[in-house]
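The values are calculated or read from the model by the stated rules, or taken from the named source; none is laboratory data. Being a predicted model, the structure only gives us computed values, none of them experimental. For neighbour counting, all protein chains shown are included, and Cβ atoms are generated from backbone atoms with ideal geometry for every residue, glycine included. Just the protein is used for accessible areas: all its heavy atoms, side chains included, with ligands, DNA and RNA removed. Shrake-Rupley method; radii C 1.70, N 1.55, O 1.52, S 1.80 Å.
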Amino acid sequence: MNKNLRIVLFLCGLLLFGSSQANWNSDWASRIKVTLNTSADGVSTAAPVEGAQVLVRLHTGNFAFGDAKPDGSDIRFIADDDKTPLKFHIEHYDSVTELAFVWVTVPKIAPGNKNGYFWLYYNNPKAAAAGDSKTSYDSAQAVVYHFDESSGPPKDSTAYGNNASASAGTSNPSSLIDTGLTLSGNDTLSIPASASIKVAANGLTASMWIKPDGAGQNAVLFKQLDGANSISLLLQGDKIVAQVNGSVTAAGGAVTAGAWHHVALVVKDNAIAYVDGQEVGRVTAAAPAMSGTVTVGQGFKGDLDEFELADSERSPDWIRIAALGQGVDQKLTTYGQAEGGDESGGTSYFKILLGSVTLDGWVVIGILMVMMIISLFVMVTKAIFVTKTARANASFKEEFDEMGVDLTKLYEARAAKHKKVRDVSSMFRIYSVGTVELKKRFAVYREKGRALTLTPQSISAIRASLDASLMRELQKLNAQMVLLTIAIAGGPFLGLLGTVVGVMITFAAIAAAGDVNVNAIAPGIAAALVATVAGLGVAIPSLFGYNYLASKIKELTTDMQVFVDEFVTRLAENYSE
């Protein structure tokens, strides 16, 4: 083989191998790409941000909870090289309500890039829990309160263990990011002094989410005090005010009552106040060296969530990513469609749809499946019954037309021969009723020595018996047809009910998770529509089957009515006076 050809084939082999290389770990059967958008239409940043905490909000619209373990312990996060595990911890995971909040440490987020991403892996029943808040944060992060405690003072999620010493606030389970803290205006959160929350040459950064209950408040959102030195972040009216050693150094912003706002204070060579990721005030004021007790929320009336304190100066882009990447209208993360663990496998849209169907949707779909089975059973059995009856009636009618003047002859002479026909043919059963009525009267006439003739009253009585028999035969033919009408009328409404409830749950989950991008909404809405498709799947075949069977039953009904008229006419002709 030519040497150059060998080189080309070798290079092609490397390319093929590289393109088909297995994912991070084949034990995890599913993965989702989480895209980070730091371009102008996302969270616009000017410089790289290292070690930022990215909030991953999972809900029924972007994650198939049924494919993961009930406690989410098989969740893993892998960098864009599909090799490097990322540190993370789960703040909340509920597979019943299908809502989860996970914090992921991204080593470096590039600026102005809408194509940055990392992978979320799941679907490994054998996996053990791996998330750990103690190792998720960098060494500068001194305090993080998620406020996820049901009672007692807040616990620090970092490795420093700076737990609050006192907190009179009440837990709010429906806060911005899972559980928050509600303060009445008379409550205060206190954090004891420690070596890890000192203010030194690296500066200080304090941030939190607040939702004031009313306007015109005068509250201390954050304050660290050490003798004559102090650093404070205040809420005065609707303005955020930063103070260093008691003098106003920065003020601005607009904090609206009844709405969530991210507020932050950064002090090093300057004191800078931020509201919703935007700088609202800056004054030169160096951070004093200090280490003292921290007070949070003094005089504040409203909700508080995600309090963080770092003993270093965080960059404006760090603050911006936190403010615009954690709120309800976050613009940082979008979620791709679920993929299998093997890159060579294609995306199954049906798997995505079915994986996103909620519990209430499966209940409705289960009911519809039962209705479909019943409808198919009715249609098949009724079609067989109607077909056999029509054939038996045609066979009997031929014999009846060949019969002479004695209308009882067919009933008496051919009973054994037509036993099967008698069991199937509705005409034969009607004929049998008329024959029995006729024989009863002839038996009485013979005992009394009367002529075997029928009076008009007798013919009317026999006609009444024939009509009663006809009604019973019609009941047999129409039996269970109501099940098809129920499927036709009820199937779409049940499907619509499942869709409406599914859409409600999807929007509720999105509202709770704060993820409003199209990728978050589309799977949940599409999965909700599966119930409507299931309802139509029950109704449409039932409609076709009902119309076909109704037309056949109508033909049989007409034939039996004609037969009754013909039988009564022949009675009057052969046996009347």
- Item | Test for Phe442: is it open to solvent by 60 Å² or more (accessible area, probe 1.4 Å) and either of a type outside the set (A, V, I, L, M) or farther than 25 Å from Leu549 by Cβ (or both) | no
- Note on the structure: Residue pairs within 8 Å by beta carbon, gap of at least six or interchain, first lying in the range 154-180 and farther than 22 Å from Trp260 by Cα and assigned to a strand (DSSP E or B), second of a type in the set (Asp, Glu) and open to solvent by 50 Å² or more (accessible area, probe 1.4 Å), listed first then second, are none
- Note on the structure: Scanning the range 169-196 for residues that are farther than 16 Å from Gln224 by Cα, surrounded by fewer than 16 Cβ atoms within 10 Å (Cβ to Cβ) and more than 37 Å from the chain's Cα centre (by Cα) gives Gly185, Asn186
- Note on the structure: Residue hits (the range 105-159; farther than 30 Å from Gly66 by Cβ and among the small types (Gly, Ala, Ser)) are Ala110, Gly112, Ser139, Ala140, Ala142, Ser151, Gly152, Ala159
- Scanning the range 120-149 for residues that are hydroxyl-bearing (Ser, Thr, Tyr) and in a loop (DSSP other than H, G, I, E, B), the one most open to solvent (accessible area, probe 1.4 Å) turns out to be Ser139
- Item | Conditions (1) under 21 Å from Ala166 (Cβ atoms); (2) open to solvent by less than 50 Å² (accessible area, probe 1.4 Å); (3) not small (Gly, Ala, Ser): number failed by Leu225 | (2)
- Could you grab me the full set of residues in the range 390-405 that are open to solvent by 50 Å² or more (accessible area, probe 1.4 Å) and either modelled with pLDDT under 85 or in contact with a Cys (Cβ under 9 Å, 6 or more places away or on another chain) (or both)? Asp401, Glu402, Val405
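Tell me, which residue of the range 151-168 that is open to solvent by less than 20 Å² (accessible area, probe 1.4 Å) and of a type outside the set (A, V, I, L, M, F, W, C) is nearest to the chain's Cα centre (by Cα)? Break it down stepwise before answering.
Going through the range 151-168, the residues open to solvent by less than 20 Å² (accessible area, probe 1.4 Å) turn out to be 154, 156-158, 162, 164.
Applying the additional criterion that residues be of a type outside the set (A, V, I, L, M, F, W, C) yields 154, 156-158, 162.
Details: Pro154: 32, Asp156: 33, Ser157: 30, Thr158: 33, Asn162: 38 Å.
Across the range 151-168, the extreme among qualifying residues is Ser157.
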- Would you pick out the residues in the range 297-342 that are crowded, with 19+ Cβ neighbours inside 10 Å, β-branched (Val, Ile, Thr) and not in a strand (DSSP E or B)? Ile319, Ile321
- Message: Quick check on my filter: what residues within the range 45-68 are outside any strand (DSSP E or B) and open to solvent by 50 Å² or more (accessible area, probe 1.4 Å)?
- Response: Ala46, Pro48, Gly66, Asp67
- Query: On the given criteria, is Ala539 surrounded by 19 or more Cβ atoms within 10 Å (Cβ to Cβ) and at pLDDT below 85?
  - Reply: no
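Scan Leu86, Leu99 and give me the residue that is open to solvent by 20 Å² or more (accessible area, probe 1.4 Å) and hydrophobic (A, V, I, L, M, F, W, C).
Working: Leu86 fails: open to solvent by 20 Å² or more (accessible area, probe 1.4 Å).
Exactly one residue qualifies, and that residue is Leu99.
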- Tell me, yes or no, whether the range 241-253 has at least one residue that is in contact with a helix residue (DSSP H, G or I) (Cβ under 9 Å, 6 or more places away or on another chain) and either buried (at least 16 other Cβ atoms within 10 Å of the Cβ) or modelled with pLDDT of 90 or more (or both). no
- Any chance the range 88-96 includes a residue that's touching a residue at least 60 places away in the same chain (Cβ under 8 Å) and in contact with a Lys or Arg (Cβ under 7 Å, 6 or more places away or on another chain)? no
- Note on the structure: Cβ pairs under 8 Å, 6+ apart or interchain, first in the range 351-378 and open to solvent by less than 30 Å² (accessible area, probe 1.4 Å), second among the charged types (D, E, K, R) and at pLDDT 80 or above, ordered by first then second residue, are Gly355/Asp67; Thr358/Glu98
